[in-house]
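Worksheet: one structure, shown below.
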Amino acid sequence: MKESVVIIGGGIAGMETAASLLELGYSPILVEQSDHLGGHVASWYRLFPDMTPASEVVASLKSRLDGVTVFLETGIQFINRLRDGYNVMLSNGVSIVAKAVVMATGFKLFEAAKKEEYGYGIYDRVITNRDLEKWFSGIPDERIPSAPWNIGFVHCVGSRDVKAGNTQCSKVCCMTAIKQAIEMKEKFPDAEVYCFYMDLRLFGKKYEDFYISAQKDYGIHFLRGRVSEVSETIDGRLLVKAEDTLSGRPVKINMDLLVLMSGMLCNPAAASIASMVKAGADDSGFLRSRDNVTGVVESERKGLFFAGACTGAKTVPETIAEARSAALSVHNYLRRPR
Amino acid sequence: MIYQGKQKIWSDYQKEIPDDHWFYVRSCIRQSFFPASEAHFVKIVRDLLGKDLYENPHHTTCGGIAYHSDTIPQETAMTIVARQFALMTEAGYKNLVTSCITSFGNYTEILETWREFPELEARIREHLWKACRREFDKPEYVAHASDVIYKLRNEIAERAKFRLVNHETGEPLRIVEHIGCHYSKMFPHKGVGGAEYPCVLSGMAESWGGKVIDYPERRHCCGFGFRQYMVKANRGYSVSNTHKKFESMEPFQPDVIITNCPGCPYFLDRWQYVIAEQTGKTYGKNGYGIPVLTYEELAGLVLGYDPWDLGLQIHQVAIEPLLDKMGVSYDPSKKYLGLDEKEIMKPGLPTVLKCC
């Protein structure tokens with residue numbers, strides 16, 4: 001009989017872990033709280049840097065799950081540590097005994113309304129990166145005007161922000177902002193597009209090229225400085241105040257749309273599940289790896305593994321690579337003589 | 001504008017405000033600028049609504065202005081404040097209500113500092129004992145007087161003789177609300193509605209029939225800013241701040257501005273005269289300015305007190321256009337009469353700003 005492995009979370013990390021474990025000869029059981037697989041990526045339109053359709057990535061991962069037991073709309077009631085493994089009780093009444101459990105619980109987006117000065121949920125034309133992706137996917141959004149003159153992107157909303165309670169860099173927002181800025185420029189060639197940033201953290205393959213192209217080919221303006229406040233003008237537009245730290249001047253720009261790049265926080269469900277087996281979390285709230293250099297996918301508990309953004313903000317390729325690493329670590333763990 | 005979004009934020013910044021038994025401390029400069037405001041706060045809260053409001057004539061300045069002007073160290077301000085607390089304790093009260101926004105900020109900042117650094121509180125207690133042999137309990141609640149009027153706004157609305165409605169058209173009056181910086185910008189959770197979308201004044205205005213305007217420079221300083229005005233060389237900066245606000249609110253055609261700070265009504269009012277003299281521009285209709293009222297003055301008008309008893313004639317900007325819109329009757333011939341209708345001097349008229 002094949003060894004069962006429980007994977008908690010049906011986003012791209014969980015799907016890739018399950019698919020890889022299946023290929024390694026195990027019997028993965030994928031548990032997802034929502035009614036669909038794919039997590040955040042399933043609601044995204046295109047992915048940087050090649051503008052890959054997100055739906056293709058999710059479909060590709062799904063196609064490899066034939067043979068994986070999938071429970072949708074299922075939560076974790078409790079997990080008990082056994083002498084050599086875990087007893088996982090699901091909300092649908094199913095109890096699973098497995099020698100290894102993989103946490104792939106992902107992240108949640110920072111609630112942009114908490115940055116009150118930006119006016120999300122108050123002003124009609126303030127949206128988030130997720131709202132914009134949904135609109136790109138074809139879901140109508142009345143907040144997005146039909147012919148905007150000026151469009152702004154605010155980086156680091158709820159990231160690297162002590163007051164927001166999250167000092168971590170969310171890593172993907174810089175590139176997402178540039179990607180979305182280019183997409184908006186493609187849709188509205190006459191619009192001026194502005195990115196308000198603290199630092200541009202463009203570390204990945206092709207990212208720098210993407211940034212240069214945004215400036216050279218699309219004429220997107222990059223202003224180094226934080227937005228201080230947003231307010232609404234009498235004609236329903238937005239007045240955005242910021243500091244341009246490079247020119248050393250305050251700026252005020254009327255915008256027709258402002259997109260807030262909400263950062264990544266650890267999924268709060270992850271901490272409660274992890275606490276059932278006494279696995280710890282870092283100060284940032286993300287789950288604590290055994291070692292941040294050589295054991296990122298391993299927890300401090302035997303048989304408990306991590307994949308994807310439950311340990312920190314990650315890009316899609318990083319998440320998939322880490323999920324494969326987690327599957328291999330599970331494989332090595334299970335075949336090790338005990 | 002998504003009104004429900006503001007309501008959601010307001011629900012996060014609700015402040016517990018006891019509705020009775022207050023130790024009231026007056027403001028140094030409001031007693032000079034708008035003395036009738038404090039008098040009418042007492043009239044409304046104690047005499048009309050029957051609340052227990054106690055004042056002690058031995059109350060002094062809180063030291064807030066000196067502290068914010070860098071002329072005394074915070075420890076000195078703390079010892080002054082400790083004495084006010086001692087007066088409150090000796091009178092048997094636990095709820096402190098301040099007339100001045102800077103006092104409110106000063107008391108709040110000191111209590112928060114003591115919470116963080118209890119050894120500092122112990123030292124101040126020692127200073128107070130050495131200075132005047134007094135001891136004190138810290139207040140259980142510190143509120144600004146506008147918090148109290150906000151708390152009582154519906155009781156005031158029930159007794160209203162006039163509403164913030166244009167009595168000819170039935171349209172709600174357009175209200176600009178301006179909170180003092182020291183009300184909630186230092187400690188957002190200490191103010192009703194927080195710092196970004198405060199509702200202490202807008203709550204009053206809406207309860208009394210008005211419509212609040214959210215204009216782009218709503219959060220900007222009135223122009224007082226302590227050093228902007230107190231250092232004479234900086235006064236141009238003070239006017240330019242006020243000018244920025246008026247330019248921003250002008251398209252919304254406000255009928256009245258209400259404030260809860262000693263400095264804000266003074267500067268928003270007086271600088272309209274200066275801007276008119278400097279630029280020839282006025283912001284009300286037909287050469288008038290936009291009237292600027294304290295929240296007690298506005299409550300007084302709503303309750304039907306005589307505008308001249310409320311001291312509205314000492315404002316620079318003429319109040320008559322607002323009175324006409326609300327349908328408040330007044331006798332123009334009594335505008336500048338003193339106590340017992342005694343003839344006193346009339347002010348000179350500006351060349352640009354229409355005042356009567």
Quick check: is even one residue across region A:281-288 over 27 Å from A:Gly25 (Cβ atoms) and among the aromatic types (Phe, Trp, Tyr)?
yes
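This table checks each residue for (1) away from chain B (no Cβ under 14 Å); (2) basic (Lys, Arg); (3) surrounded by 19 or more Cβ atoms within 10 Å (Cβ to Cβ).
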position	(1), (2), (3)
A:Ser213	yes, no, no
A:Lys216	yes, yes, no
A:Ile220	yes, no, yes
A:Met261	yes, no, yes
A:Ser272	yes, no, no
A:Gly280	yes, no, no
A:Val293	yes, no, no
A:Arg301	yes, yes, no
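Looking at region B:229-249, is at least one residue outside any helix (DSSP H, G or I) and either within 14 Å of chain A (Cβ to nearest Cβ) or basic (Lys, Arg) (or both)?
There is no residue in region B:229-249 that is outside any helix (DSSP H, G or I) and either within 14 Å of chain A (Cβ to nearest Cβ) or basic (Lys, Arg) (or both).
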Condition (residue is β-branched (Val, Ile, Thr), more than 14 Å from chain A (Cβ to nearest Cβ) and touching a residue at least 60 places away in the same chain (Cβ under 8 Å)) applied to region B:185-196: is it met by at least one residue?
yes
Candidates A:Asp256, A:Asp244, filtered to the one that is away from every other protein chain (no Cβ under 14 Å), more than 24 Å from the chain's Cα centre (by Cα) and surrounded by 17 or more Cβ atoms within 10 Å (Cβ to Cβ):
A:Asp256
Scan region A:189-205 and tell me whether some residue there is among the charged types (D, E, K, R), crowded, with 20+ Cβ neighbours inside 10 Å and either assigned to a strand (DSSP E or B) or within 14 Å of another protein chain (Cβ to nearest Cβ) (or both).
no
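Can A:Asn150 be described as more than 24 Å from A:Leu37 (Cα to Cα), touching a residue at least 24 places away in the same chain (Cβ under 8 Å) and not aliphatic (A, V, I, L, M)?
Spelling it out, A:Asn150 is indeed more than 24 Å from A:Leu37 (Cα to Cα), touching a residue at least 24 places away in the same chain (Cβ under 8 Å) and not aliphatic (A, V, I, L, M).
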Considering only residues of region B:197-228 that are among the hydroxyl-bearing types (Ser, Thr, Tyr) and touching a strand residue (DSSP E or B) at 6+ places or on another chain (Cβ under 8 Å), which is farthest from the other protein chains (Cβ to nearest Cβ)?
B:Ser202
(1) buried (at least 18 other Cβ atoms within 10 Å of the Cβ); (2) out of contact with any Gly (no Cβ under 8 Å at 6 or more places or on another chain); (3) more than 14 Å from every other protein chain (Cβ to nearest Cβ): which one isn't true of A:Tyr118, the others all being true?
(3)
Among (1) without any contact (Cβ under 8 Å) to a residue 24 or more places away in the chain; (2) of a type in the set (A, V, I, L, M, F, W, C); (3) within 14 Å of chain B (Cβ to nearest Cβ), A:Ala112 falls short only on (1)
Across (1) within 14 Å of chain A (Cβ to nearest Cβ); (2) among the polar types (S, T, N, Q); (3) surrounded by fewer than 18 Cβ atoms within 10 Å (Cβ to Cβ), B:Asn166 clears everything bar (1)
A:Asn80 meets each of (1) in a loop (DSSP other than H, G, I, E, B); (2) at pLDDT below 95 with one exception, condition (1)
For region A:83-106, check the following and say yes or no: at least one residue is buried (at least 18 other Cβ atoms within 10 Å of the Cβ), within 14 Å of chain B (Cβ to nearest Cβ), outside any strand (DSSP E or B) and aliphatic (A, V, I, L, M).
no
Given A:Ala313, A:Ala309, A:Ala326, which one is outside the structural domain of A:Gly152 (by TED's automatic domain parsing), touching a helix residue (DSSP H, G or I) at 6+ places or on another chain (Cβ under 9 Å), over 30 Å from A:Asp141 (Cα atoms) and in contact (Cβ under 8 Å) with a residue 24 or more places away in the chain?
A:Ala326
Counting only residues that are at positive phi and either within 14 Å of chain A (Cβ to nearest Cβ) or not in a loop (DSSP other than H, G, I, E, B) (or both), which one in region B:250-294 is surrounded by the fewest Cβ atoms within 10 Å (Cβ to Cβ)?
B:Asn286
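Please find, within region B:1-20, the residue that is farthest from the other protein chains (Cβ to nearest Cβ) out of those that are surrounded by 15 or more Cβ atoms within 10 Å (Cβ to Cβ) and not hydrophobic (A, V, I, L, M, F, W, C).
B:Pro18
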Which numbered condition trips up B:Tyr183, out of (1) of a type in the set (Phe, Trp, Tyr); (2) buried (at least 23 other Cβ atoms within 10 Å of the Cβ); (3) more than 19 Å from B:Pro265 (Cα to Cα)?
(3)
Check region B:25-45 and report whether any residue there is in a strand (DSSP E or B), out of contact with any Lys or Arg (no Cβ under 9 Å at 6 or more places or on another chain) and either within 27 Å of B:Leu120 (Cα to Cα) or within 14 Å of chain A (Cβ to nearest Cβ) (or both).
yes
In region B:158-197, anything of a type outside the set (Asp, Glu) and over 19 Å from the mean Cα position of the chain (by Cα) is listed as B:Arg159, B:Ala160, B:Lys161, B:Phe162, B:Arg163, B:Val165, B:Asn166, B:His167, B:Thr169, B:Gly170, B:Pro172, B:Leu173
Which listed residue is acidic (Asp, Glu) and in contact with a Leu (Cβ under 7 Å, 6 or more places away or on another chain), from B:Glu297, B:Glu277, B:Glu320:
B:Glu297
Only helices (runs of 4 or more DSSP H) wholly contained in region B:74-170 count here; list those with 3 or more residues that are over 30 Å from B:Lys325 (Cβ atoms), not β-branched (Val, Ile, Thr) and not assigned by TED's automatic domain parsing to the domain that holds B:Gly203.
B:74-91, B:101-116, B:118-132
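The values are calculated or read from the model by the stated rules, or taken from the named source; none is laboratory data. Worth saying up front: this structure is predicted, and the values here are computed from it rather than measured. Please note: Cβ atoms are built from the backbone with ideal geometry, for glycine as well, and neighbour counts cover all protein chains shown.
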